[in-house]
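For reference, the structure discussed in these notes is given below.
The values are calculated or read from the model by the stated rules, or taken from the named source; none is laboratory data. Being a predicted model, the structure only gives us computed values, none of them experimental. Please note: Cβ atoms are built from the backbone with ideal geometry, for glycine as well, and neighbour counts cover all protein chains shown. For accessibility, only protein heavy atoms count, side chains too; no ligands or nucleic acids. Shrake-Rupley method; radii C 1.70, N 1.55, O 1.52, S 1.80 Å.
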Amino acid sequence: MRSPTPFAPEPGSPRLKRRRESPHDTFWTVGAGGPDAVYGERVLLRPDGVSLRLFEPGRSKLAAGLARGLAGPLPRPGERWLYLGAATGTTASHVADLVGPLGRVYAVEKSLRPFARLLATARRYPNLCPILGDARWTERHLGLIPPVAGVYADLAQPDQVGIVLANCAEFLRPEGALLLALKTASMGRDATPEEHARAAHRQLAATFDLADPIPLDPFHRRHFLLAGRAARGPGASGSSGPPLVPRVPERATSRPAGPRAGPRW
Amino acid sequence: MAVALRMFRAADRILFVGPTGPVGRSVRLDPEVAAALAGDGGGGVPGELLGELLRHRPAGPLAAADPVLEGTAAALGLDPPVGRAGRRAARARGWPVPSAAEREFYLRLGALRLRQALADPVETLLTLAREEERLERTSRREAAAAEQFLAGAEGGPAEYAERWARFREGLEAHAALLRDEVDRRARALLPNLSAVVGPRTAARLLARAGGVGPLVRMSSSRLQLLGSRRRPGAGRGPRHGLLLRAEGMEAVAPDRRGAYARSAAGLASIAVRMDAVDPTLRAERLLIRRARRLAALAREASR
Ligand SMILES: C[S@@+](CC[C@H](N)C(=O)[O-])C[C@H]1O[C@@H](n2cnc3c(N)ncnc32)[C@H](O)[C@@H]1O
């Protein structure tokens with residue numbers, strides 16, 4: 001009997017596993033919301049109780065990006081991510097898997113019907129925080145979204161790049177990560193998909209160090225994934241005026257300072 | 001670095017207290033947030049988390065290591081093995097241990113907003129109209145694929161054909177219910193627009209515009225093209241969008257449909273303004289103008 005193909009953790013995100021298979025590798029995320037499938041995806045239950053959820057390129061643009069060689073930045077355990085355009089939570093649930101039980105995904109969706117399903121998914125996902133609202137209203141979400149390590153956006157709107165920039169300026173930490181799934185079909189037909197992708201890249205390049213747009217075909221036609229990091233912390237520039245909470249004296253900690261100060265949350 | 005902040009809440013204000021006393025001024029909560037919190041007896045939401053939520057900019061003292069939220073997260077213990085370890089680690093660092101899961105807060109706020117939105121007849125109609133449009137599109141695509149398959153397989157496997165027929169019946173019944181509901185709500189909310197262009201088209205126009213306000217503010221030339229696939233351009237631009245499905249359009253000769261769309265847009269923009277002021281049916285004069293226009297177009301075609 002052949003031994004099963006092992007799952008190897010991806011270097012960029014330990015809760016993402018790659019399985020060498022033919023004709024191509026598959027990606028799996030370590031489930032953070034219990035052993036049941038969220039949208040009918042394949043789930044493997046390991047004897048130790050850990051569940052692995054198949055992350056299919058045809059279902060999710062992030063998975064398609066991985067299949068097309070996306071190197072990062074990826075959501076990592078313990079991080080908080082802002083997810084714009086979560087719909088029913090297909091990809092958002094996988095992002096929640098990647099940040100794990102100590103991370104958070106703040107998932108913004110404006111349409112009522114998908115939101116109702118997102119809410120149902122969030123009931124069993126301890127780290128998925130659904131927010132019903134329009135991503136354009138960043139100021140209405142100030143009380144709901146803390147500074148985040150990364151922003152994932154999949155809005156399929158003509159002004160998606162502008163919406164993403166506004167949200168990054170408000171919520172993304174310095175040097176935070178950005179993953180943007182770009183649907184060029186909703187950006188108008190007066191340019192080719194590649195031209196749209198290059199224009200979006202240019203528009204973001206002032207704030208972000210971006211890799212070249214990754215085309216997502218054949219999984220999602222005329223879609224691209226843009227990935228990178230904020231070059232100079234867009235969040236820092238928004239902080240004019242005195243901080244809301246003045247500096248609090250540091251408490252002395254009795255912990256010995258080791259080479260590793262503690263687990264990474 | 002570890003900072004312990006406690007939150008005290010009174011009605012719609014909260015105050016943070018650090019190890020050395022109150023920190024800053026009290027902060028007013030968004031009324032919606034305050035409403036979601038009301039009734040949880042003050043202990044339901046981890047104050048430390050809210051403290052973080054209330055905008056500590058990266059320049060603020062809490063942003064550097066962010067221990068407050070990390071402690072909160074660690075202490076939530078939602079995934080048992082990690083949670084217990086996290087809880088221990090949080091205690092060892094002196095991080096505050098919150099009283100309840102923060103996600104409860106988001107779930108409750110989400111459910112509250114959803115309820116509020118669905119209580120709003122405009123929002124409900126928008127949602128149903130989008131759903132109806134999507135269903136029409138997808139079931140057409142699905143039907144074409146199934147029929148092609150059945151034709152290609154020479155009648156197709158009997159079991160498949162049977163299952164498809166049953167599925168199709170169910171789908172059509174569901175679609176019919178949805179259409180009735182959309183029509184009924186459109187007639188109630190936009191009686192005059194529904195009279196002029198038909199309730200389904202009225203609902204779709206509303207859904208595409210995103211609300212009554214945007215639809216009222218729209219010029220009739222935008223209304224004419226609302227929902228069109230092509231972009232207006234110097235060459236042969238689009239003549240109609242959603243109005244192609246306006247009532248009366250089926251009787252117009254194909255090359256006169258742009259002309260009728262223009263008239264229908266003019267009438268529709270008057271009708272929707274009437275609806276915005278007072279949603280009662282009083283569109284007789286608009287209907288007379290519509291009939292006259294249709295008759296004129298029919299005469300042109302027969303000439
Ligand atoms: C392509 S779908 C997202 C699919 C999802 N990311 C996935 O892979 O599972 C785009 C979603 O963005 C939502 N959306 C569009 N504009 C938005 C906005 N301004 N604010 C919030 N959500 C928006 C739409 O309602 C839609 O559900």
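Go through (1) outside any helix (DSSP H, G or I); (2) open to solvent by 10 Å² or more (accessible area, probe 1.4 Å) one by one and return the number of the condition residue A:151 breaks.
Among (1) outside any helix (DSSP H, G or I); (2) open to solvent by 10 Å² or more (accessible area, probe 1.4 Å), residue A:151 violates only (2).
When you go through A:75, A:146, A:130 one by one, which is the residue that is within 14 Å of the ligand (Cβ to nearest atom), closer than 17 Å to residue B:104 by Cβ and in contact with a Leu (Cβ under 8 Å, 6 or more places away or on another chain)?
Numbers: A:75 fails: closer than 17 Å to residue B:104 by Cβ; A:146 fails: within 14 Å of the ligand (Cβ to nearest atom).
None of the other options fit; the residue is A:130.
Could you please let me know if residue A:159 is modelled with pLDDT of 90 or more and within 12 Å of the ligand (Cβ to nearest atom)? Can you show your working first?
On the way: modelled with pLDDT of 90 or more: no; within 12 Å of the ligand (Cβ to nearest atom): yes.
No: the conditions fail for residue A:159.
Across segment A:119-130, what is the total count of residues that are within 18 Å of residue B:112 (Cα to Cα) and facing chain B (nearest Cβ under 8 Å)?
6
Looking only at segment A:37-70, count how many residues are acidic (Asp, Glu) and touching a Pro at 6+ places or on another chain (Cβ under 7 Å). Before the answer, list the steps.
In the first step, residues of segment A:37-70 are kept if they are acidic (Asp, Glu); the result is A:41, A:48, A:56.
Those still in the list that are touching a Pro at 6+ places or on another chain (Cβ under 7 Å) too: none.
The qualifying residues number 0.
Yes/no per residue for (1) part of a loop (DSSP other than H, G, I, E, B); (2) open to solvent by less than 20 Å² (accessible area, probe 1.4 Å); (3) at pLDDT below 90:
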{"residue": "B:201", "(1), (2), (3)": "no, yes, no"}
{"residue": "B:214", "(1), (2), (3)": "no, no, no"}
{"residue": "B:224", "(1), (2), (3)": "no, no, yes"}
{"residue": "B:228", "(1), (2), (3)": "yes, no, yes"}
{"residue": "B:261", "(1), (2), (3)": "no, yes, yes"}
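All but one of (1) away from the ligand (no atom under 15 Å from the Cβ); (2) under 17 Å from residue A:10 (Cβ atoms); (3) touching a helix residue (DSSP H, G or I) at 6+ places or on another chain (Cβ under 8 Å) hold for residue A:80; state the number of the condition that does not hold.
If we test residue A:80 against (1) away from the ligand (no atom under 15 Å from the Cβ); (2) under 17 Å from residue A:10 (Cβ atoms); (3) touching a helix residue (DSSP H, G or I) at 6+ places or on another chain (Cβ under 8 Å), just (2) comes out false.
Residue B:114 passes all but one of (1) at pLDDT below 80; (2) in a helix (DSSP H, G or I); which number fails?
Of everything listed in (1) at pLDDT below 80; (2) in a helix (DSSP H, G or I), residue B:114 misses just condition (1).
Name the residue that is least open to solvent (accessible area, probe 1.4 Å), counting only residues in segment A:6-30 that are farther than 18 Å from residue A:57 by Cβ and part of a loop (DSSP other than H, G, I, E, B).
A:6
Residue check: is residue A:69 away from the ligand (no atom under 16 Å from the Cβ) and away from chain B (no Cβ under 14 Å)? First the steps, then the outcome.
Numbers: away from the ligand (no atom under 16 Å from the Cβ): yes; away from chain B (no Cβ under 14 Å): yes.
For residue A:69, the condition - away from the ligand (no atom under 16 Å from the Cβ) and away from chain B (no Cβ under 14 Å) - is met.
For residues in segment A:180-195 being outside any helix (DSSP H, G or I) and among the charged types (D, E, K, R), which is nearest to the ligand (Cβ to nearest atom)? Lay out the reasoning, then the answer.
Of all residues in segment A:180-195, those outside any helix (DSSP H, G or I) come to A:180-183, A:188-192.
Within this subset, residues satisfying the condition of being among the charged types (D, E, K, R) are A:183, A:189-190.
On the way: A:183: 7, A:189: 18, A:190: 21 Å.
Result: A:183.
One line per residue, one yes/no per condition, for (1) over 29 Å from residue A:230 (Cβ atoms); (2) open to solvent by less than 30 Å² (accessible area, probe 1.4 Å); (3) among the acidic types (Asp, Glu):
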| position | (1), (2), (3) |
| --- | --- |
| A:34 | yes, no, no |
| A:55 | no, yes, no |
| A:61 | no, no, no |
| A:91 | no, yes, no |
| A:101 | no, yes, no |
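For segment A:104-117, enumerate the residues that are more than 6 Å from the ligand (Cβ to nearest atom), crowded, with 24+ Cβ neighbours inside 10 Å and either more than 10 Å from every other protein chain (Cβ to nearest Cβ) or part of a loop (DSSP other than H, G, I, E, B) (or both).
A:105
Can you pull out the residues in segment B:263-303 that are charged (D, E, K, R) and surrounded by 14 or more Cβ atoms within 10 Å (Cβ to Cβ)?
In the first step, residues of segment B:263-303 are kept if they are charged (D, E, K, R); the result is B:273, B:275, B:278, B:282, B:284-285, B:289-290, B:292-293, B:299-300, B:303.
The answer is B:273, B:275, B:289, B:290, B:293.
In segment A:33-64, how many residues are assigned to a loop (DSSP other than H, G, I, E, B) and either within 16 Å of the ligand (Cβ to nearest atom) or not aliphatic (A, V, I, L, M) (or both)?
Of segment A:33-64, the ones assigned to a loop (DSSP other than H, G, I, E, B) are A:33-42, A:46-50, A:56-60.
With either within 16 Å of the ligand (Cβ to nearest atom) or not aliphatic (A, V, I, L, M) (or both) added as a condition, the list becomes A:33-42, A:46-49, A:56-60.
The qualifying residues number 19.
Could you say which residue among A:124, A:198, A:202 is of a type in the set (D, E, K, R), more than 16 Å from the ligand (Cβ to nearest atom) and touching a residue at least 60 places away in the same chain (Cβ under 8 Å)? So that I can check it myself, show each step before the final result.
Numbers: A:198 fails: touching a residue at least 60 places away in the same chain (Cβ under 8 Å); A:202 fails: touching a residue at least 60 places away in the same chain (Cβ under 8 Å).
Result: A:124 is the single residue among A:124, A:198, A:202 that is of a type in the set (D, E, K, R), more than 16 Å from the ligand (Cβ to nearest atom) and touching a residue at least 60 places away in the same chain (Cβ under 8 Å).
With the condition kept exactly as written, say whether any residue in segment A:85-99 is more than 9 Å from the ligand (Cβ to nearest atom) and within 9 Å of another protein chain (Cβ to nearest Cβ).
no
Consider only pairs whose beta carbons are under 6 Å apart and that are at least six residues apart or on different chains; among these, list those whose first residue lies in segment A:175-192 and is more than 17 Å from residue A:221 (Cα to Cα) and whose second residue is more than 13 Å from the ligand (Cβ to nearest atom) and of a type in the set (D, E, K, R).
A:175/A:229; A:177/A:229
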